[in-house]
Amino acid sequence: MILVWLIILLMGCGSLAWLSGRWSSTLPRIISLAGITIQVVTIISFLMQYKQHSGWIVSYTHSWMPSFGIQIKMAADGLSLLMLLLTSLLGIISVLISWKEINEQVGFFHFNLMFVLAGITGVFVALDLFLFYFSWEVMLVPMYFLISIWGNENKTYAAYKFFLFTQGSGLLMFLSILGLYFIHGHSTGVFTFDYEQLIGTKMTPQTAFVLMIGFVIAFIVKLSTVPFHSWLPDAHTQAPTAGSVILAGLLLKTGAYGLIRFVLPLFPLASHQFAPVAMALGVISILYGAKLAFAQTDIKRLVAYISVSHMGFILLGIYAFNEIAMQGVVMQMIAHGISTAALFIIAGVLHDRIKTRDIDQMGGLWLTVPKMGAMGLIFVLASLGLPGLGNFIAEILILFGSFFANEPLTIIATFGLVAATIYSLRIMQKIFYGKERTQWKVADLSIREMAIMLSLTTVIIWLGIFPSSVLDISRKPVQNIIEEVNGARINTEIQHYSHIEKKGDNCSINLAVFKDNTAHIKK
Amino acid sequence: MNIPMEQGLLLAAVLFCIGLGGVLLRRDIIFMLLSIEVMLNAAGLAFIVAGAKWGQADGQVMFIFILTMAAAEVSVGLALIIQMFMKFKSIDTDVASTMNG
Amino acid sequence: MKELLWLIVALPLAGALLLTLAGKRLPRLAIAFIGVGSVTFAAILAIVVGLDFLHGNAAGIPYEQFLWQWINVGGFSPNVAFNLDTVSLTFIFVITFVGALIHLYSAQFMWKEDGYARFFIYMNLFVAFMLVLVLADNMLLMYMGWEGVGVCSYLLIGFWYKDPANGYAARKAFIVTRIGDTAMAIGLFILFITYHTLNIHDVLAAAPGKWPVGSSIAVTTALLLLCGGVGKSAQLPLQTWLPDAMAGPSPVSALIHSATMVTAGVYLISRTHVLFELAPIAQNATAIIGAITLLMAGVAALNQHDIKKVLAYSTISQIGYMFLALGVGAWSAAIFHFMIHAFFKALLFLGAGAVILVMNDEHNMFKMGGLWKKLPITFWTFLIGAGSLTALPLLTAGFYSKDKILWLAYSSDRGSVWLWLAGLTGTFITALYTFRMVFIVFFGKTKGEPTYRPGIFMTIPLVVLGLLSLGAGFIELPDNIGHVTLLSDFIEKTLPATMVMRYGNNIELLFQIIAAMVAIGGVATAYVYYFNKPFPAAEPERTKLQNFFYKGWDFDLLYNTIIVRPVVFLSRIDKNDCIDRCYTGIAALTLTLHKLFSTTQNGKLRTYATVVAIGAIVILTIIFYL
């Protein structure tokens, strides 16, 4: 029940915020902040109580449209709770960062913000495929409004592009969901959208592959893998700071989560077939994203391409199918969410003050804004993978894990670390070091902004030094998923011989084959 | 003397085509209306011929219907033409093409 | 007492943290106190812990201190744990002791600079990371220290950030070393996939059983680790960053780019010596790289006019000696030379820094001269350092350490006469460029007047390091002169002894005499060419060949053409992402089709009527005839 209440809470706060926006500009902000804080507290209390749980920690089922087999089925295990924690944390950060930045239609802004968070929460806990798709679409529309109303100069183009890309790919996913629904229905007679019942649906490998592609395309587009990444730079650049934080920190991770939670367990054999392609796409993303990041002069566009590059690591790690890489993926989702959010905040804070995002016009800003410089330095070092910060743990786990799966691709991916150095240091040099191009008179970080940055810093350093606090929580869910994706492959190969194992008799092999043949004749 | 039905229908068809051609090719709205009248009368002629063949009065009754309808239509049409002329100051149908694109 | 091992690392970290939080509000004296004090206390602790470690532990059994479990994922469980043995103890001693002296020096050297607190934060962080590097008991923690010192080096080289050239030098250093780090990371992958652990002790114990000598996987792994070492220690072919790194303040050059960080490669190779012994090709490669580097860098040093660049190339050259030693299996000799080199090179850099400071930031040697009377203490300590670098016989510590390497380059079972000759030629060149530097800077006509004498806090470290450069050599005397083997005994508790093939006291004596004569010959040649000669107060005129050497054999040009420019070019032309064209292409196509179809809506009644008529005819035809 609590999961439904979390979503209702967010939606309710959003609606209240919209209404209260008529009378005051501060009231929506306070209401939103209160709502997300309650959510954070709830989730932390869950995590505290159920640490090494296996299986679902919280779950809720209620029938919605029984004639179609649609239920409101939500459940959270360690992985989902970690993602929800990230959601609420970044939600608080985005409300705080837009405190002074958004001044028109404040109520509607917070309504959209809350609904995006509600949609994301739904995505992370939904276990009914229809509900999942529903939440997926709920995420899109408020985000579209966030970009197109409060965005920067090219907001309409960016909003349209974002919406078309994700909506279009989501449609492919919906076709796959329907395909899965009907195939399961025809083979077992039960028409249901329930995730747990759909696992292990018997399909021919070709059908499974085609259906999997539908899901995969939706998630890869969301994850912004090359060649489907084009929406990301425009959307991130034109969105307001809070929008960028949520886009980069959360929306991209829903794609990764979808791959882990849905694609791998539902289509294990097809996933194994697709793995080399996926890993290659991941590596291409890492390097191509890095190359593009190096060439940009718009600071937000640069950070957006950094996201493309880091998401390549995630794709590489997911398709390595071992525990080390998958734990690295979980870590990368959290660490990247935090570090990229921080970089976008710095870009947004700078943009607020000097009204430009062009790094060719900046330079030597360490003198005027040393605190911003220091924070920028920490997160630039995080994005290049300095040990002692969370991103290093993530990247190193992914690389070690995928080295087991595919050595040449991992070696190429490791050179992504050098590429990361090149673009990250460029940020520091062009903005904070060097000669002052223009005499900017800027104020340093305010107390509110400093509090946000310090909390993000603390988290990223904590993740780097004590990653076990996160990895312990996700260990069981990750192990379950790895078992499902690796075990099922072996199971299909010994399906024919399962009854022989029970008898343990050599003659029975012939009997079984004979039985299969005769069964065919009987029909 | 009896005129074969085919000739009558042929006449009706030719008249219809002349009328259709007039509607499609004339730019003047009044001439388009005239051509529509020709088409209507051609259709009526076809009815009369058919009625004569079967020796029933239905054909001629239909013709009276058509005449009545044509009269009503012409009066409405002429009213619309006057409105169009007042708006566009011309009776060229190509001028009234603002619902384009 | 040994349990306080973690405190040695924690003290500089705490110092850095304290200065980050409160640095803006503290007075300079407090900042200096915290910055210098943390490392000094760490040095004292290092001595205390070391004594406790050695007490009753004649066999040198390592002491392991587990702090916390860092990562534990699917069998991959590197911990944050420290491993103290004789090798790491030597390194800790050098890092903290020399580090403390350099911090003391820089308290006065950087007194007038902006960002005083920032400097000490970075320096303290560096010391902390370097200590983690040498104390780590598993390779992932060592990699953390490895990267950490790289970052601190970047921050410190680019300390004076207002000049973009400094930023460029800093980035160059970081990126070039990162290339080596990447190779090392791939080596770590191979190690993990084979041994399922990265704990150094476990890997080295299991390696001889798992990999046969000379197997390709052992050679690959060892070569990859060698690449990491080559990057960090600025050997061929990744040596281009070190001369540019002189853009940082002199204490930084002293600490990072002579005494500690650049010796991380030496530490790595000696730590993983078992792997190198299993891969003779890799070990030979180490020796050859060392030999070639020491010659190339020496020749380059001979053509510099910037005093710090001479010392930078000299560092590259001396580390070449250490690599040479590692390559022939002379583990304790390499570490001995590391220790002595740390003393005299830090001394030389601090002295050079003092000279630069009092000459109003003048780096060009040819604009100095006759300073031996004006700056006596600086001169005498500098002379001692130079003598140690040149390996002047019997007096200086450098003689004993370098001589040991030369001897083992010949006599070890992996040595050869060519390696010895390379080392010997290097000695001559070293003597030549070192005393060229001494004579130009301190003798001859005075070109510029020093504005003041260096202060007491800058002088004390010079003196201490000077004494060490003279006296520290006596802990390890060769067989035929006293036969003191304190250090090698100490080191050989952890690392294997060198297998000596060809020996005999007479040959060793002969080699020592040759080496001594070569060194003195180099000094004499320098005397003839550079003592009291009139020089133009500017960069010297160089022939084309000399220019080539001056530019460090123009590796910069090579790398620029082959790597840097193509990458930058490829980035720039695709700035707007050609893949995006596909999607904007689809949008453009849709727009074109829209324009096409919208021509049918022309608002003309006749057109519509025509279309209706034709359509009706077509449909009726189809219905009646098909």
10 Å-binned pair-distance histogram of segment C:517-574 (Cα, whole percent): 18, 24, 27, 16, 10, 5, 0
Helical mean residue ellipticity (222 nm; -39500 (n - 2.57) per DSSP H run of 4+; nearest 500) of chain A: -25000 deg cm²/dmol
Projected area, mean over directions - segment C:576-625, Cα convex hull, nm²: 5.6 nm²
Residue-wise HN-Hα coupling along segment C:530-535, computed from phi with Karplus coefficients 6.51, -1.76, 1.60 (Hz; x: Gly, Pro): 10, 7, 6, 8, x, 10
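Before I look further, what does the protein assembly as shown give for accessible area per residue, probe 1.4 Å, in whole square angstrom? Don't skip to the end; give the middle numbers.
Details: 48740 Å² over 1250 residues.
It amounts to 39 Å² per residue over the protein assembly as shown.
Quick one: if you take sqrt(5λ) for each eigenvalue of the C-alpha gyration tensor of segment C:296-540, what semi-axes come out, biggest first, whole angstrom?
33, 19, 14
At 20 °C and 1.002 mPa s, what whole-number value in µm²/s does Stokes-Einstein give for the translational diffusion of segment A:1-73, with Rh from the Kirkwood sum over Cα pairs? List each step's numbers first, then the result.
Numbers: Rh = 14.5 Å.
Reported coefficient: 148 µm²/s.
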Packing-based ranking, highest mean first, of A:186-192, C:553-559 given that Cβ atoms within 10 Å are counted: C:553-559, A:186-192
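How much of the calculated P(r) for segment A:329-425 lies past 22 Å, in percent of all Cα pairs? Walk me through the numbers before you get to the answer.
Details: 1733 of 4656 pairs.
I get 37 percent for the Cα pairs in segment A:329-425 exceeding 22 Å.
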Where only alpha carbons of the protein assembly as shown are counted, the Rg and the Dmax (Å): 39.9, 155
Compactness of segment A:239-288 as Cα Rg over 2.2 N^0.38 Å, two decimals: 1.44
On Cα atoms only, tilt of A:323-354 relative to the major axis of chain A in degrees: 20 degrees
Between helix B:58-88 and chain B: long-axis angle, C-alpha atoms, 0 to 90°, nearest 10: 10 degrees
Separation in nanometres of the label points that stand 7 Å from Cα toward Cβ, at C:THR194 and C:ILE481: 4.1 nm
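Just to be sure I understand: if you take the accessible area of chain A alone plus chain C alone and subtract the pair, with a 1.4 Å probe, what total do you get in Å², rounded to 100?
5000 Å²
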Charge-dipole axis of segment C:506-614 as Lys and Arg at +1 and Asp and Glu at -1 on Cβ define it, positive-most pick from C:VAL567, C:LEU589, C:GLY521: C:LEU589
Calculated on alpha-carbon atoms, Rg and Dmax of segment A:1-124 in Å: 15.7, 49
18 Å Cα-Cα reach of A:LYS476 towards aspartates and glutamates, excluding residues that sit fewer than 8 places from it in its own chain: A:ASP77, A:GLU196, A:GLU323, A:GLU484
Shielded by partner chains, segment A:379-395 residues - at least 50 Å² of accessible area, 1.4 Å probe, vs chain alone: A:LEU386, A:PRO387, A:PHE392
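Using Cα pairs under 8 angstrom and six or more residues apart, how large is the relative contact order of chain A, in percent?
Details: 862 pairs, mean separation 75.0, N = 523.
This gives 14 percent for chain A.
Looking at the calculated P(r) for segment C:474-626, what percent of the C-alpha pair distances fall above 24 Å? Don't skip to the answer; put the middle values down first.
On the way: 8922 of 11628 pairs.
For segment C:474-626, the fraction of Cα-Cα distances above 24 Å is 77 percent.
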Value in Å of the Kirkwood radius, where segment A:243-382 supplies the Cα pairs that are averaged: 16.2 Å
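I'd like the mean, over residues of C:573-581, of how many other protein chain beta carbons sit within 10 Å of each residue's own Cβ. Please list the in-between numbers first.
Numbers: counts 1, 4, 7, 4, 13, 0, 7, 8, 1.
The shielding value for this peptide is 5.
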For segment C:116-181, alpha-carbon Rg relative to the globular expectation (2.2 N^0.38 Å, N residues): 1.16
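Need one number for segment A:164-243: average projected area of the convex hull over its C-alpha atoms, nm².
Details: hull surface 26.1 nm².
Taking a quarter of the hull surface, the average projection is 6.5 nm².
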Alpha-carbon Rg with Dmax, taken over chain B, Å: 16.9, 57
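With only alpha-carbon pairs counted, each pair once and no self-pairs, how large is the Kirkwood hydrodynamic radius of segment A:85-138 in angstroms? Write down the numbers at each step before the final one.
Working: mean 1/r = 0.0831 Å⁻¹.
Here the Kirkwood hydrodynamic radius works out to 12.0 Å.
Computed FRET efficiency, Cβ-Cβ of A:GLN197 and A:MET1, R0 25 Å: what is it to the nearest 0.05?
Details: r = 22 Å, r/R0 = 0.88.
That pair, A:GLN197 with A:MET1, gives E of 0.70.
Once you have the Cα-Cα distance between A:VAL190 and A:ASP352, take 0.36 nm times their residue separation minus that, and quote the gain in nm to one decimal. Don't jump to the answer; show the numbers that get you there.
Details: separation 162, 0.36 × 162 = 58.32 nm, distance 5.58 nm.
Fully extending the segment from A:VAL190 to A:ASP352 adds 52.7 nm.
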Whichever aspartates and glutamates have a C-alpha closer than 20 Å to that of C:LYS544, once near sequence neighbours (fewer than 8 apart) are set aside: C:ASP306, C:ASP554, C:ASP556
Base-10 log of normalised Debye intensity for segment C:339-478 (one unit scatterer per alpha-carbon) at q = 0.13, 0.14, 0.15, 0.16 Å⁻¹: -0.59, -0.66, -0.74, -0.81
Derived scalar couplings ³J(HN,Hα) [segment A:277-294; Karplus, 6.51 cos²θ - 1.76 cosθ + 1.60; whole Hz; x for Gly, Pro]: 4, 4, 5, 5, 4, x, 5, 4, 4, 4, 7, 5, x, 5, 4, 5, 4, 5
Theoretical ellipticity at 222 nm over chain C - DSSP helices of four or more residues, -39500 (n - 2.57) apiece, nearest 500: -23000 deg cm²/dmol
Nearest 10 degrees, 0 to 90: helix C:578-598 Cα axis against chain C principal axis: 10 degrees
All-pairs alpha carbon distance profile, segment C:307-403, 10 Å steps from 0, percent: 16, 45, 27, 11, 2
20 Å-binned pair-distance histogram of chain A (Cα, whole percent): 23, 55, 18, 4, 0
Long-range amide H partners of C:ALA279 with built H, under 5 Å: C:GLY214
q = 0.05 Å⁻¹: log10 I(q)/I(0) that the Debye formula gives for chain C, counting C-alpha atoms only: -0.27
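Could you work out, residue by residue across C:182-194, how many beta carbons of other chains sit within 10 Å of that residue's beta carbon, and then give the average as an integer?
On the way: counts 8, 3, 0, 10, 7, 0, 5, 11, 2, 0, 4, 4, 0.
Counting Cβ atoms of other protein chains within 10 Å of each residue's Cβ and averaging gives 4.
The values are calculated or read from the model by the stated rules, or taken from the named source; none is laboratory data. These figures come from a predicted structure and were not determined experimentally. Glycine gets a Cβ as well: all are built from the backbone with ideal geometry, and neighbour counts include every protein chain shown. Side chains are part of the model used for accessible areas, which takes the heavy atoms of the whole protein and leaves out ligands, DNA and RNA. Shrake-Rupley method; radii C 1.70, N 1.55, O 1.52, S 1.80 Å.
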